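Q: Have a look at this one before I ask anything.
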Amino acid sequence: MRDVVQGPLMGKRIVVTRQVERAGLLSTRLEIQGAETILCPTIQVVPPASYTEMDQVISRIQGYRWVVFPSANSVRSVFQRMSEIGVPRSRLAEVSLAAVGPATRQALETGGTTVAYVPDEYLAECLGETLNPVADERILVMKADIGEPTLGEILARRGAQVDEVIAYRTVTQPPPENTMVELKRGVDMLTFTSPSTVRGFLKLGPDWRDMTVGVMIATIGPLTSSAVREMGLEVHVEAEEHTMEGLVSAIVTEFTSKAGR
């Protein structure tokens, strides 16, 4: 944990439920604002149960008009598998790549590819409604096993020939043993950055649900907020811009406004 610094979140204990490999960015930004962060990874990203379908579409990926990546995890999974089966990333130069948000775009560009489209609003539904050309085009969506089906449905409704392929799975994992001890010391806020982090946290058992009592919940966007409400909990903060920066900004605004009351 970093040294606590002065800032609008000074003295606030905030829980980060992202997978451990991806938690650093959010934790760092919160700590820069003065928060004490508690890492509580509840999910882990693992390969698909079978690579058969994924290998098939990767081997003929240049046949698609668009390849859509809903998350940075889908990018990393595809890049890794391309390397494992000997398909060069240069094949992706022959298709147009679409990313749901800036983190996904960055993952693609870091991997040496060019992104043709990112929607103004960082939601899969928005990408589905605004991507062009779509009618009669072949589109590949590389998704998670628990990814929302909405994106593919929207593209198909607009006349696209859509293949949705599982690029990775998200599984629940218990956090380190000392995490519950830290939570019982008291926390001010739980952060959730995807529906899977919500489900992963609450699937840990009744003791973990008890940890939500009297604690504010902050989400990265409407899909995650819906998952929170489906679990019978209240959302107190939702990021307007569905990025880590947007989430931190919304949290700072919330605590700053409370301090001013």
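The values are calculated or read from the model by the stated rules, or taken from the named source; none is laboratory data. This is a predicted model, so every value here is computed, not measured. As a convention, Cβ positions derive from the backbone with ideal geometry for all residues, glycine included, and neighbour counts pool all protein chains shown. To get the accessible areas, we keep the full protein, side chains included, count just its heavy atoms, and leave off ligands, DNA and RNA. Shrake-Rupley method; radii C 1.70, N 1.55, O 1.52, S 1.80 Å.
Q: Test of understanding: what is the full-extension gain from Asn178 to Gln6, defined as 0.36 nm times their sequence separation minus their Cα-Cα distance? Could the numbers behind the result be given before it?
A: Working: separation 172, 0.36 × 172 = 61.92 nm, distance 2.64 nm.
Working it through step by step, the gained length comes to 59.3 nm.
Q: A follow-up question, please. Student exercise: in the chain, how many lysine pairs 8 or more apart or on different chains have Cα atoms under 23 Å apart?
A: Working: Lys12/Lys184; Lys12/Lys258; Lys143/Lys203; Lys184/Lys203.
Counting lysine pairs in the chain gives 4.
Q: Follow-up question, since we're still on this one. Once you place label points 7 Å from the Cα toward the Cβ at Tyr51 and Met231, how far apart are they in nm?
A: With each label placed 7 Å out from Cα toward Cβ, I get 3.3 nm.
Q: Any idea what Rg and Dmax come out to for the range 1-110 if you just take the C-alpha atoms, in Å?
A: 18.2, 54
Q: Let me ask something additional. Just going by the charge dipole of the chain, with Lys and Arg at +1 and Asp and Glu at -1 on Cβ, which of Val165, Leu108, Val181 is farthest out on the positive end?
A: Most positive-ward Cα: Val181.
Q: Could you tell me the calculated FRET efficiency between Asp163 and Glu121, based on Cβ-Cβ distance and R0 = 22 angstrom, to the nearest 0.05? Can you show the working numbers first?
A: Values: r = 25 Å, r/R0 = 1.12.
E(calc), rounded to 0.05, equals 0.35.
Q: Which order do the peptides 180-190, 68-78, 84-94 take when ranked by the mean count of other beta-carbon atoms within 10 Å per residue, highest first?
A: Order by mean packing, descending: 68-78, 180-190, 84-94.
Q: Whole-Hz Karplus ³J(HN,Hα) for the range 70-86, in order, using 6.51 cos²θ - 1.76 cosθ + 1.60 and θ = phi - 60°, x for Gly and Pro?
A: x, 8, 5, 4, 5, 5, 4, 5, 5, 4, 5, 5, 4, 5, 5, 9, x
Q: Once percent of Cα pairs over 23 Å apart is worked out from the coordinates, which option in (1) 65; (2) 48; (3) 53 does it equal?
A: Derived directly from the coordinates: (3).
Q: Please list Val16, Val213 from largest to smallest accessible area, probe radius 1.4 Å, with all protein chains kept in place. Show your work: numbers first, answer last.
A: Numbers: Val16 0, Val213 115 Å².
These residues rank, largest area first, as Val213, Val16.
Q: Placing +1 on the Cβ of each Lys and Arg and -1 on the Cβ of each Asp and Glu in the range 144-261, which of Val213, Ala239, Ile146 has its Cα farthest towards the positive end of the resulting dipole?
A: Val213
Q: Along the charge dipole of the range 1-132, pointing to its positive end and built from +1/-1 on Cβ of Lys, Arg, Asp and Glu, which listed residue (Val118, Ile58, Thr130) has its Cα farthest out?
A: Going by the charge dipole, the pick is Ile58.
Q: If you place +1 on the Cβ of every Lys and Arg and -1 on the Cβ of every Asp and Glu, how big does the dipole about the Cα centre of the range 96-206 come out, in debye to the nearest 20?
A: 380
Q: Still on this structure: For Glu245 and Val171, calculate 0.36 nm times their separation in residues minus their Cα-Cα distance, and state this gained length in nm to one decimal. Intermediate values should be presented prior to the final figure.
A: Numbers: separation 74, 0.36 × 74 = 26.64 nm, distance 2.55 nm.
Extra length from Glu245 to Val171 when fully extended: 24.1 nm.
Q: Quickly estimate the mean residue ellipticity at 222 nm for the chain, helices only: each DSSP H run with n ≥ 4 gives -39500 (n - 2.57), and the total goes over all residues, rounded to 500.
A: -10500 deg cm²/dmol
Q: Given springs between every Cα pair under 10 Å in a Gaussian network model of the chain, which of Gly200, Gly214, Gly63 has the largest fluctuation?
A: Comparing Gly200, Gly214, Gly63 in the GNM, the peak value goes to Gly214.
Q: At 1.4 Å probe size, with the rest of the protein present, what percent of the exposed accessible area of the chain is carbon and sulfur atoms?
A: Accessible surface attributable to carbon and sulfur in the chain totals 48 percent.
Q: Let me spell out the model: positive unit charges on the Cβ of Lys and Arg, negative unit charges on the Cβ of Asp and Glu, origin at the Cα centre of the chain. What dipole size does that give, in debye rounded to 20?
A: Dipole of the chain, to the nearest 20 debye: 360 debye.
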